[in-house]
Amino acid sequence: MYLEMFKLTDRVALVTGGAQGIGLACAEALAEAGASVIIADRDGGLAEKASAALKAKGVEAEAARMDVTDSKRVTQVADDVVARYGRIDILVNSAGIARSETPAETVTDEHWLNVLDVNLNGTFWCCRAFGRHMLKAGSGAIVNIGSMSGFIVNKPQEQCYYNASKAGVHHLTKSLAAEWGSRGVRVNAVAPTYIATPLNEFVKSKPNMYDAWIGGTPMGRLGKVEEIASVVLFLASDAASLMTGSIVLADGGYTCW
């Protein structure tokens, strides 16, 4: 009974930012559980490569070129997916950027707007476009990738714009959950710690920053992409059928101190 609740057989899922890092791990987890997965990424070539790699493992996957900051394109992809598959059951909003290490007083308008546009606006455009189809069907699960940065202020790097964007994602998650809960659509989020991804490769050349990250984490290590994807799989599945509006911390204990 319980293992069956984690299976996603015959469901259709789309993952934004799915060509690498956490997004790719999420796509693989959902596909392994039985879902047909669309990897959406602004880099169409990278998305095609990622979907081919998943198909080589014997799972259902395809690619879609989609920049989450382009609301018209997001709506087009949502409509195309439903036209092709007849449904959309799961949306994972993993697309995001950081652009850290810029003090607030030197942040340009472009910098602020760019991070908020990708992380917050892009998440909403996707929730809105795919959520419309879920609401019409009376069912669906959305999982947003937030961050522990939506709860705390990171150190030593300055990144007020990133922190604000992820706090916004968390409250957007709760707001949509409250609006859509009675209409069959669940909306949750995962708030990861520092994860070993291409986005965080830069820290290897900054020992002081790396030591601060690890020193502030009770588990004493970076997280792995599969550890986040496992939480996403849970939230997307019927095993989490009573959960909506939850922000699940997967932070190695970072926010305990």
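Brief remarks on what is shown
- Members of the stretch 217-257 that are out of contact with any helix residue (DSSP H, G or I) (no Cβ under 8 Å at 6 or more places or on another chain), among the aromatic types (F, W, Y) and either touching a residue at least 60 places away in the same chain (Cβ under 8 Å) or within 18 Å of Q159 (Cβ to Cβ) (or both): none
- Among the criteria (1) over 16 Å from G96 (Cβ atoms); (2) touching a residue at least 60 places away in the same chain (Cβ under 8 Å), the one T173 does not fulfil is (1).
- Residue count for the stretch 235-257, restricted to those that are assigned to a helix (DSSP H, G or I) and buried (at least 19 other Cβ atoms within 10 Å of the Cβ): 4
- Filter pass, A78 being aliphatic (A, V, I, L, M), farther than 23 Å from A196 by Cβ and buried (at least 23 other Cβ atoms within 10 Å of the Cβ): yes
- Beta carbons closer than 6 Å, at least 6 apart along the sequence or on distinct chains, never pair a first residue in the stretch 203-216 that is within 16 Å of E101 (Cβ to Cβ) with a second that is part of a helix (DSSP H, G or I) and small (G, A, S).
- Filtering T217, T193 for residues that are of a type in the set (S, T, Y) and in contact with a strand residue (DSSP E or B) (Cβ under 6 Å, 6 or more places away or on another chain) leaves a single hit, T193.
Bear in mind that the values in this text are calculations on the coordinates, not laboratory data. Worth saying up front: this structure is predicted, and the values here are computed from it rather than measured. Ideal geometry is used to build each Cβ from the backbone, glycine not excepted, and the neighbour counts take in all protein chains shown.
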